[in-house]
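Report on one structure; see the data block that follows.
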Amino acid sequence: MRACFGSVLHPTTASPPLRSLHHPARPLSRLYVPRIKISLATWTNQIQRNRVLKEAVEVETGALEEVPEGGSEIGVNRFPLETKEDGLYSPPKVSNRKKKKRPEESDSEYDRYKLRNGKEVFEEKAYLVGVECKGSTGDTFGIEESLEELAQLADTAGLRVVGSTYQKLASPNPRTYIGSGKVAEIKSAVHALDVETVIFDDELSAGQLRNLEKAFGGDVRVCDRTALILDIFNQRAATHEAALQVSLAQMEYQLPRLTKMWAHLERQAGGKVKGMGEKQIEVDKRILRTQIGELRKELESVRKHRKQYRNRRLSVPVPVVSLVGYTNAGKSTLLNRLTGAEVLAEDQLFATLDPTTRRVQMKNGNEFLLTDTVGFIQKLPTMLVAAFRATLEEISESSLLVHVVDISHPLAQQQMDAVDKVLQELDVASIPKLVVWNKVDKTDDPQRVKSQAEKQGVICISAINGDGLEQFCNAIQTKLKDSLVPVEAFVPYDKGMLLNTIHQVGMVEETEYMENGTVVRAHVPLPLARLLTPMRQHVASGC
Ligand SMILES: Nc1nc2c(ncn2[C@@H]2O[C@H](COP(=O)(O)OP(=O)(O)OP(=O)(O)O)[C@@H](O)[C@H]2O)c(=O)[nH]1
Ligand SMILES: [Mg+2]
């Protein structure tokens, strides 16, 4: 038995066993307990290790036949992400018969145990499938580029991609997403390459998942991009809150996909227990709903604590600047560079899940808070972004959004569009935005990129070597000023701290020292303007 992406279900009570999400034949004995995080890869380990050990024993005892020299073994690299011009994949010409193993193949199975994120994981073989709908606009990701990104996601999740294919369709097939010819073609590729998981580049319905698994044969798991991203989030969640919100998102993803999972039992019983599957789904759904409810309650209490901390932070009204952008654009590297924070920054997708906030002090003494947030990706379901409420709150309460773009990426423009789309969905398009082109050092012609940026009024930086950061901070200051509120207030001398804060976070134009206090004219962030309200009234009446 192998687990599906995110389908780590554990029992809390003596409930009937839940079945694997996409695989009725694989019973999952326990219902979900969110505190225990087991990713697809780690879950697979023990089962796979047993399989490998069994095969090794069989080899030792000569239970398996030798494969002749130059036999029909398929190397995993023989079909690396290749499709023909027309998008049609030619399945390898090998028999579908169960392949015979050589002794050294057991060793190569051992090679598939890798250390990822500090955990030993078994690299499952994955095969990727995409669909390009005719009429889709050319300014978005092309199908090959989207599949390339899916391969990166699969790699991040700890899978080994052994091949891919795509199909051009007028519209997806409601039953199997792809056409029947393509299903047959993938089936032979899957068997020839010993594929364990087929990943679709778009979200599939419960029916499509079930039909595809049935079509590919018992042992192959089918999942989609969303489930893959959820699995990465599950592996990477580092804080209690992140773990809880990923678990919740996984369960919410699973709930509608539990439909008719038990229909196979009716078939096994020759149709004598009609309705049994139906009842079991209801039981499973009820258990899952109860757990979703409990998880929500737990999340709420964790969030309450975080809110208290945020409120304390907001009582010092320093403007908040949030770094947003495509995953891997260099947001965390920029935060680290500017603040000396030690946020994990690496060449992997979704390295950051939890927001981190640090104070940045500029040369003129002005300050702002800089927040690093979870990266976005194309085809990211809004429900998934919404799950990261902490990130959302940070973004929506910012004075300024800095959109970090990896300008060295061949699809920089498409990535920018994808980020803008998510920001629109999050309803934060009204917050002022500053676009920065990062990784300029990595481009072929940094000088040309810089002059292009200048023409467009965009800041060019290299977070890794610090190039352009002073200009970047100045641009932030100018932008922040646009979002500041002009105030004129009388600050009594016994409220000297407040005057300091105005100097720290606002822009002071004029100060006048009176007998009992200071009259100050400045631009300050909205929260500070609110704090100063009584003193502004004082100005109106007393000066
Ligand atoms: N050459 C170059 N590499 C950079 C630059 N900035 C970041 N990187 C690299 O890009 C990779 C991703 O950087 P991160 O800071 O983790 O990116 P991120 O936007 O935080 O990514 P997520 O957390 O996944 O959303 C890392 O390997 C960085 O070293 C840069 O200015 N130049
Ligand atoms: Mg990051």
> Going from most exposed to least, what order do GLU470, GLU393 have by accessible area with a 1.4 Å probe?
Replying inline: GLU470, GLU393
> Would you list TYR493, TYR326 from the most to the least accessible area, probe 1.4 Å?
Replying inline: TYR493, TYR326
> Summing Lys, Arg as +1 and Asp, Glu as -1, what charge do residues with Cβ under 12 Å from the Cβ of LEU212 carry, LEU212 excluded?
Replying inline: +4
>> With a 1.4 Å probe and all protein chains kept in place, how much accessible area does LEU248 have, in Å² rounded to the nearest 10?
In response: 20 Å²
>> Going by amide H atoms built from the backbone, whose H comes under 5 Å of the H on VAL161, apart from near neighbours?
In response: ALA126
> Taking amide hydrogens as modeled 1.01 Å from N in the peptide plane, which residues meet the under 5 Å criterion relative to VAL198, leaving out close sequence neighbours?
Replying inline: TYR127, ARG221, VAL222, CYS223
> Which chymotrypsin sites (Phe, Trp or Tyr not before Pro) from the range 149-233 combine a DSSP loop assignment with at most 13 other Cβ atoms within 10 Å?
Replying inline: none
>> Once ligands and nucleic acids are excluded and a 1.4 Å probe is used, how much of ARG221 is accessible, expressed in Å² to the nearest 10?
In response: 0 Å²
> Any idea which of PRO492, TYR513, ILE464 is furthest toward the positive side of the dipole for the range 411-543, if Lys and Arg beta-carbons carry +1 and Asp and Glu beta-carbons -1?
Replying inline: ILE464
> Near the amide H of THR518, under 5 Å away, which other amide H atoms are found, from residues 5 or more places off or on another chain, if H is placed in the peptide plane?
Replying inline: VAL491, TYR493
>> Could you work out how much longer the chain between ASP445 and LYS421 gets when fully extended? Use 0.36 nm per residue separation minus the Cα distance between them, nm to one decimal.
In response: 5.7 nm
> Put a dot 7 Å past each Cα toward the Cβ at LYS285 and SER180; how far apart are the dots in nm?
Replying inline: 3.0 nm
>> Please report the antiparallel percentage of DSSP beta bridges with both residues in the range 316-481, rounded to the nearest 5.
In response: 30 percent
>> Keeping every protein chain present and rolling a 1.4 Å probe, give me the accessible area per residue for the range 484-542 in Å².
In response: 55 Å²
> Expressed as a whole number of Å, what is the distance separating the alpha-carbon centroids of the range 449-519 and the range 351-393?
Replying inline: 21 Å
> Which links in LYS297/LYS433; LYS304/LYS363; LYS450/LYS479; LYS125/LYS182; LYS439/LYS479; LYS168/LYS279 stretch past 30 Å when you go from one Cα to the other?
Replying inline: LYS297/LYS433; LYS304/LYS363; LYS168/LYS279
> So what J values fall out for the range 422-438 if you push phi through Karplus, 6.51 cos²θ - 1.76 cosθ + 1.60 with θ = phi - 60°, rounded to Hz, Gly and Pro as x?
Replying inline: 5, 4, 5, 4, 7, 6, 10, 4, 7, 6, x, 10, 10, 9, 10, 8, 9
> Excluding ligands and nucleic acids, what accessible area in Å² is computed for LYS187 using a 1.4 Å probe, to the nearest 10?
Replying inline: 90 Å²
> How much length is gained if the chain between MET383 and ASP482 is pulled fully straight, taking 0.36 nm per residue apart and subtracting their Cα-Cα distance, in nm to one decimal?
Replying inline: 32.4 nm
>> Taking the solvent-accessible surface of protein heavy atoms with a 1.4 Å probe, what is the per residue accessible area of the range 316-481 in Å²?
In response: 41 Å²
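The values are calculated or read from the model by the stated rules, or taken from the named source; none is laboratory data. Since the structure is predicted, the reported quantities are computational estimates derived from the model, not experimental observations. Positions of Cβ are backbone-derived with ideal geometry, glycine not excepted, and every protein chain shown enters the neighbour counts. Calculation scope for accessible area: heavy atoms of the full protein, side chains included, ligands and nucleic acids excluded. Shrake-Rupley method; radii C 1.70, N 1.55, O 1.52, S 1.80 Å.
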